[in-house]
Amino acid sequence: MSNSDSFLSGLTTRRELLGAFAVTAVASTLPLGALAQAAAPASGTAQAIADHFSGVTTMQGEFVQFGPRGEQTGGKFFIQRPGKLRFNYDDPSPMRVIADGKNVAIGNMKLKTWDLYPLSKTPLSLLLAQRIDLSAGMVKGVKEESDLTTIALGNNTVFGNSTITMMFDPKTYDLRQWTITDNQGKDTSVMIFNVKTGVQFDDRVFRVPYESIPGTAASRD
C-alpha cells in the first residue's frame, strides 16, 4: 500500500489508518524503547488488567485519532470481541473501517471504494483477541506506574516490526489509549472516551460489504 495513497480528507493515508487499529493525550504515549521490562514476563497485575480487558466483550464510545504527522480525526467506535470493530469517522472524512472477525475493510464512502486486509496480519487482531495472554512470546514490554500501566505486544513473524501499545488505568483496569507503531517506526494513537460496555449490536454493524469489493467473494466465507 502506497504512502501517497491518501484519504480524500488529506488527513492520513490508508496505511496510517490501518496502523491505528490499531486512546489522555498522545503526548503521553511511551515509545517501545521506554518500556524498561521489555521481553520480561508480565507481572500478575499486568495480566489481571489484560484479563479484565479481555472480559469486556462489547464496548462503544467516541475516539480521537492522532496520526504520525500530528493530524487529528475523530468519530465513534464499536467493538465486539473476538475480532469485530467499526470506526465511523466524523465529517468531513468519508472513511469507514470495519473488522468482521476475518478481514479489515477500509472504505471511502464518497468514492465508494474499499480496501481489504486479513485481520490476522494486523496488530489490531491482538487488541480484539478473545484473550490477551501476556505469558506468550508476543510481549514486547510492560511498564507499571502509579497512574498508568502500559503493555506493548507484537509478533515479528506475523507483523514484522509493527507493535501495539495499550495503556490502562491501573485502578479501574479500563483501556485509555492504544498506539500502533508501524514497520517504519511511525506512531498512530487512538484515545477513547464516553465508553459504554456490555452493549448489544445488530450483526449489520460489523458487516463488510464484500459485494462492493471486486474479487473478494471467497473472503466472506
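Exactly one residue out of Thr113, Thr73 is within 19 Å of Gln177 (Cβ to Cβ) and among the polar types (S, T, N, Q), and it is Thr73. Can you confirm whether Phe168 is surrounded by 15 or more Cβ atoms within 10 Å (Cβ to Cβ), within 23 Å of Phe77 (Cβ to Cβ) and modelled with pLDDT under 90? Spelling it out, it is not the case that Phe168 is surrounded by 15 or more Cβ atoms within 10 Å (Cβ to Cβ), within 23 Å of Phe77 (Cβ to Cβ) and modelled with pLDDT under 90.
Which ones in segment 91-127 are polar (S, T, N, Q) and in a helix (DSSP H, G or I)? Result: Ser120, Ser125.
Restricting attention to segment 68-99, and to residues there that are among the small types (Gly, Ala, Ser) and in contact with a Leu (Cβ under 9 Å, 6 or more places away or on another chain), which single residue is modelled with the lowest pLDDT? If we take residues in segment 68-99 being among the small types (Gly, Ala, Ser) and in contact with a Leu (Cβ under 9 Å, 6 or more places away or on another chain), then Ser93 is modelled with the lowest pLDDT.
The combined condition, being crowded, with 21+ Cβ neighbours inside 10 Å and either farther than 14 Å from Ile49 by Cβ or under 14 Å from the mean Cα position of the chain (by Cα) (or both), is not fulfilled by Leu111. Scan segment 53-67 and tell me whether some residue there is farther than 20 Å from Gly101 by Cα, modelled with pLDDT under 95, in a loop (DSSP other than H, G, I, E, B) and not small (Gly, Ala, Ser). For segment 53-67, residues farther than 20 Å from Gly101 by Cα, modelled with pLDDT under 95, in a loop (DSSP other than H, G, I, E, B) and not small (Gly, Ala, Ser): absent. Residues in segment 176-201 that are under 13 Å from Gln60 (Cβ atoms) and crowded, with 19+ Cβ neighbours inside 10 Å: Ile192 only.
The values are calculated or read from the model by the stated rules, or taken from the named source; none is laboratory data. Bear in mind the structure is a predicted one, so any value in this text is a computation, not a measurement. Methodologically, a virtual Cβ is constructed for each residue, glycine included, from the backbone with ideal geometry; neighbour enumeration extends over all protein chains shown.
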